[in-house]
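Colleague: Got a structure here, written out as structure tokens. Questions coming.
The values are calculated or read from the model by the stated rules, or taken from the named source; none is laboratory data. Everything quoted here is computed from the prediction, not taken from an experiment. Neighbour counts run over all protein chains shown; Cβ positions are idealised from the backbone, glycine included. SASA here: full protein model, heavy atoms, side chains in, ligands and nucleic acids out. Shrake-Rupley method; radii C 1.70, N 1.55, O 1.52, S 1.80 Å.
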Amino acid sequence: MNTPSEAEISDYLASSGAAAWDVPGLPAGTPKREIKRVGIIGAGTMGGGIAMNFATAGIPVTIVETTQEALDRGLKVVRGNYQRSSDKGRFPQDEVEARMDRFDPRLSIADLAECDLVIEAVFENMDLKRKIFTELDSVMKQGAILATNTSALDINEIAGMTKRPEDVIGLHFFSPANVMKLLEIVRAKHTADDVVATCMSLAKDINKIATLVGVCPGFVGNRILFARQAQANKLVYQGVMPWDVDAALNAFGFKMGPFQMSDLAGLDIGWSKGAKTQNPIRDALCELDRRGQKTKAGFYDYDENRRPVPSEVTAGIIRDITGAKPSTIGQDEIIETCIFPMINEAVKILEENKAQRPSDVDVVWLNGYGWPADKGGPMFFGDMVGAQPVLDRIEKLGADDAAFAPAETLRKLAADGGKFTEIDTGGLKV
């Protein structure tokens, strides 16, 4: 493995971060739309967190919920977040009040009519989002930007519910949205240049690190995450316990492995009682009310300090469902099995022109998913390892599951000795 110096890593991270702001093909001097007021649909964890970014930056926010109770609950959480920051000395008490005064809580989407930008932050349900954008199309003033915070759904389909698809864009914030730096700005098929320019500029105003990406399932970050999660699940069916997978990825440098992350997010996302999904282990855990940290039990058991402890209950469920014998797969193989498919998926994203450049992939994973900085990002790490070892592992995984077949560009890099960070397939195309 090629081990770069700290200076080389630092230079790469700095140049990657700077390059992410450059949008090839966006005409110089593209005018920006004025954003004086922002509307947020949903005052839950995501909606409230997104709203905080704008209130903190001095931009008034109209926030909409379906019930007064949900609205009050959401704003109570926002105030609590601001109060904790003030208590820690980050800003004076009067700043808490100033920020809260920028919120205008409402119970009707019609009350967003005069906002310059509206961001929908409701559940990941296409029917619900289609309904909301149909209503937004009828109530929003001309020239308003209509944004969705979807993390994986087809924004072209959402935009198709309006008569102004040129005004529709994806603004994918990461949870907790008031803390996480990354903002994936998702350009749909008809998104106008000035909408892109406005959102890129606005990202700086609210202190985010932005990457412009294209529409595909999961966009850049989550699409790569889905590949890692799929392989992690496959390992469990081969007799590797979740805590062994997590331990390997912790050793790689992630603070949280895939099953630790699932427990934190909640295993019941997308699940309802009695449901039979494609993840029967998760279903069985949820039926036992093992839904993650919030119930003090998920893949792990949790003590009063939320410290994860490997669970014999979970181990028994896994043995019953998979029938797998205990695995002898070592930590290095677990890492390769989870990490190398991420590199392969990133190459496919570049082949499909859903990212501007390889370094943008690294910016996404460094700032949105906790990729260890000393390994630079999936593309940078690919160059540390070399294309041939990545291809060797992917050919084995692809033989088992065609969804993980090697990207053609990966084969070419291995044959030519090329670099992942120098892949040029033409940039982002919509």
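Colleague: How far is helix 68-87 tilted, in degrees, relative to the longest principal axis of the Cα atoms in the chain, given as a value from 0 to 90 rounded to the nearest 10?
Modeller: 80 degrees
Colleague: Further question: Note down the accessible area of LYS429, probe 1.4 Å, to the nearest 10 Å².
Modeller: We get 110 Å² for LYS429.
Colleague: On to the next question. Longer than 22 Å from Cα to Cα, which of LYS255/LYS354; LYS255/LYS294; LYS189/LYS348; LYS276/LYS396 are they? Say none if no pair is. All intermediate terms of the calculation are to be shown ahead of the outcome.
Modeller: Details: LYS255/LYS354 28 Å; LYS255/LYS294 19 Å; LYS189/LYS348 19 Å; LYS276/LYS396 30 Å.
Check vs 22 Å cut-off fails for LYS255/LYS354; LYS276/LYS396.
Colleague: Indicate the gyration tensor shape class of segment 70-150 (rounded, prolate or oblate), computed on the Cα atoms with a ≥ b ≥ c the square roots of the eigenvalues: a/c under 1.5 is rounded; otherwise a/b larger than b/c is prolate and the rest oblate. Write down the numbers at each step before the final one.
Modeller: Numbers: a/c = 2.73, a/b = 2.02, b/c = 1.35.
In terms of gyration-tensor shape, prolate.
Colleague: Now, a different point. Take the eigenvalues of the Cα gyration tensor for segment 202-303, scale each by 5, and report the square roots as semi-axes in whole Å, largest first.
Modeller: On the way: eigenvalues 141, 59, 49 Å².
So the three semi-axes of segment 202-303 are 27, 17, 16 Å.
Colleague: Show me, for segment 122-132, the HN-Hα J-couplings you get by feeding each phi into the Karplus relation (A = 6.51, B = -1.76, C = 1.60, θ = phi - 60°), rounded to Hz, glycine and proline as x.
Modeller: Per residue, the Karplus-derived 3J(HN,Hα) values read 9, 4, 6, 9, 4, 4, 5, 5, 4, 5, 5 Hz.
Colleague: Still on this model: Find the centroid of the Cα atoms in segment 11-53 and in segment 196-258, then give the distance between the two in whole Å.
Modeller: When both Cα centres are located, 20 Å separates them.
Colleague: In whole Å, what is the distance between the alpha-carbon centres of segment 393-409 and segment 93-107?
Modeller: 52 Å
Colleague: Largest first, please: the extent of the C-alpha atoms of segment 233-373 along each principal axis, to the nearest Å.
Modeller: 45, 32, 32
Colleague: Right, here's the next one. Just subtract the alpha-carbon distance of ASP11 and LYS189 from 0.36 nm times their residue separation and send over the number in nm, one decimal.
Modeller: Values: separation 178, 0.36 × 178 = 64.08 nm, distance 3.39 nm.
Between ASP11 and LYS189, full extension yields 60.7 nm more.
Colleague: Over what distance in Å are the Cα centres of segment 264-278 and segment 116-132 separated?
Modeller: After rounding, the separation between the Cα centres reads 21 Å.
Colleague: Rounded to two decimals, what is the ratio between the C-alpha radius of gyration of segment 69-111 and 2.2 N^0.38 Å?
Modeller: Details: Rg = 12.0 Å, N = 43, 2.2 N^0.38 = 9.2 Å.
Here the Cα radius of gyration is 1.31 times the empirical estimate.
Colleague: Also: Order MET342, MET180 by their accessible area, 1.4 angstrom probe, all chains in place, largest first. Please list the in-between numbers first.
Modeller: On the way: MET342 0, MET180 50 Å².
Per-residue accessible area, sorted high to low, gives MET180, MET342.
Colleague: Counting pairs of alpha carbon atoms under 8 Å apart in space and at least six apart in sequence, what relative contact order in percent does the chain give? Kindly include the intermediate steps, with their values, before the conclusion.
Modeller: Working: 744 pairs, mean separation 64.1, N = 430.
Here the relative contact order equals 15 percent.
Colleague: Sort VAL245, VAL385 by accessible area with a 1.4 Å probe, largest first. Can you show the working numbers first?
Modeller: On the way: VAL245 0, VAL385 30 Å².
So, going from the largest accessible area down, we get VAL385, VAL245.
Colleague: What is the spread of the Cα atoms of segment 100-206 along each of their three principal axes, largest first, in whole Å?
Modeller: For segment 100-206, the Cα spread along each principal axis is 33, 32, 27 Å.
Colleague: May I pose another question? Residues of segment 58-97 with the amide nitrogen closer than 13 Å to a label point 7 Å from the Cα of ASP104, along Cα-to-Cβ, please.
Modeller: Residues 59-64 fall inside that zone.
Colleague: To continue, here is another question. Could I get the Rg over Rh figure for segment 1-120? Both from C-alpha atoms, Rh via Kirkwood, rounded to two places. Let's see the in-between values first.
Modeller: Details: Rg = 19.2 Å, Rh = 16.9 Å.
My calculation puts Rg/Rh at 1.13.
Colleague: Follow-up question, since we're still on this one. For SER108, what accessible area in Å² do you get when you roll a 1.4 Å probe over the heavy atoms of the protein chains, rounding to the nearest 10?
Modeller: Ignoring ligands and nucleic acids, SER108 comes out at about 40 Å².
Colleague: Need one number: % antiparallel among DSSP beta bridges in segment 141-257, to the nearest 5. Don't skip to the end; give the middle numbers.
Modeller: Working: 4 of 13 bridges.
Looking only at bridges with both residues in segment 141-257, the antiparallel portion is about 30 percent.
Colleague: Only bridges with both residues in the chain count here: give the DSSP antiparallel percent, nearest 5.
Modeller: On the way: 10 of 35 bridges.
Taking every DSSP beta bridge with both residues in the chain, the antiparallel ones total about 30 percent.
Colleague: Scattering from the C-alpha atoms of segment 298-415 alone, worked out with Debye: what is log10 I(q)/I(0) at q = 0.13 1/Å?
Modeller: Ignoring solvent entirely, the Cα scatterers give -0.67.
Colleague: Of the options VAL38, PRO217, GLY239, report the single residue whose Cα projects farthest towards the positive end of the charge dipole of the chain (beta-carbon charges: Lys, Arg +1; Asp, Glu -1).
Modeller: Result: VAL38.
Colleague: Specify the residue with the greatest mean-square fluctuation among TRP21, TRP371, TRP271, computed from a Gaussian network of the chain linking alpha-carbon atoms under 10 Å apart.
Modeller: With Cα springs under 10 Å in the chain, the top fluctuation among TRP21, TRP371, TRP271 is at TRP271.
Colleague: To the nearest 10 square angstrom, what accessible area does GLU124 show with a 1.4 Å probe?
Modeller: Surface accessible to solvent at GLU124 totals approximately 90 Å².
Colleague: Averaging over all projection directions, find the projected area of the Cα convex hull of the chain and quote it in nm² with one decimal place.
Modeller: On the way: hull surface 86.9 nm².
Value for the chain: 21.7 nm².
Colleague: Cα to Cα, under 18 Å, and not fewer than 8 places away if on the same chain: which lysines meet these conditions relative to LYS204?
Modeller: Partners found: LYS32, LYS36, LYS181.
Colleague: A further question on this structure: So if each residue of separation counts as 0.36 nm, and I subtract the Cα-Cα distance between GLN142 and PHE123, what length gain in nm does that give? Walk me through the numbers before you get to the answer.
Modeller: On the way: separation 19, 0.36 × 19 = 6.84 nm, distance 2.62 nm.
Length gained, GLN142 through PHE123: 4.2 nm.
Colleague: Please tell me the relative contact order of segment 276-423 in percent, rounded to the nearest whole number, where contacts are Cα pairs under 8 Å and at least six residues apart.
Modeller: Values: 155 pairs, mean separation 26.0, N = 148.
Relative CO of segment 276-423 lands at 18 percent.
Colleague: Okay, next question. Leaving ligands, DNA and RNA out of it, rank MET100, MET256 by accessible area with a 1.4 Å probe, largest first. Don't jump to the answer; show the numbers that get you there.
Modeller: Details: MET100 25, MET256 60 Å².
Result of the area sort, largest leading: MET256, MET100.
Colleague: So, one more: What dipole magnitude, in Debye to the nearest 20, does the chain give about its Cα centre under +1 on Lys/Arg Cβ and -1 on Asp/Glu Cβ? Please report the intermediate quantities before stating the final value.
Modeller: Numbers: 49 positive and 60 negative charges, 126 e Å.
Magnitude of the dipole: close to 600 debye.
Colleague: Based on the alpha-carbon set only, what is the convex hull volume of segment 150-201 divided per residue, in Å³?
Modeller: Details: hull volume 3.9 nm³, N = 52.
Residue-normalised Cα hull volume stands at 76 Å³.
Colleague: Now for a different question. Ignoring ligands, DNA and RNA, what accessible area per residue does the chain give at 1.4 Å, in Å²? Provide the component values of the computation, followed by the final result.
Modeller: On the way: 18940 Å² over 430 residues.
In whole numbers, the chain has 44 Å² accessible per residue.
Colleague: Summarise the accessible area of segment 334-420 (1.4 Å probe, protein heavy atoms) by the percent that is carbon and sulfur.
Modeller: Values: 1380 of 2790 Å².
Result for segment 334-420: 49 percent of the exposed heavy-atom area is carbon or sulfur.
Colleague: Express the carbon and sulfur contribution to the solvent-accessible surface of segment 163-232 as a percent, rounded to the nearest whole number, probe 1.4 angstrom. Display every interim value, and only then the final one.
Modeller: On the way: 1150 of 2040 Å².
Result for segment 163-232: 57 percent of the exposed heavy-atom area is carbon or sulfur.
Colleague: Then there's this: Put +1 on the Cβ of each Lys and Arg and -1 on the Cβ of each Asp and Glu in the chain; which of SER272, ALA7, ALA248 then has its Cα farthest toward the positive end of the dipole?
Modeller: Final value for the positive-end residue is SER272.
Colleague: At a 1.4 Å probe radius, carbon and sulfur cover how many percent of the accessible area of segment 1-148?
Modeller: Values: 3890 of 7600 Å².
Taking all protein chains in place, segment 1-148 shows 51 percent carbon and sulfur surface.
Colleague: Putting +1 on Lys and Arg Cβ atoms and -1 on Asp and Glu Cβ atoms, find which of ALA324, ALA405, GLY298 reaches farthest to the positive end of the dipole of segment 288-430.
Modeller: Among ALA324, ALA405, GLY298, the one farthest towards the positive end of the dipole of segment 288-430 is GLY298.
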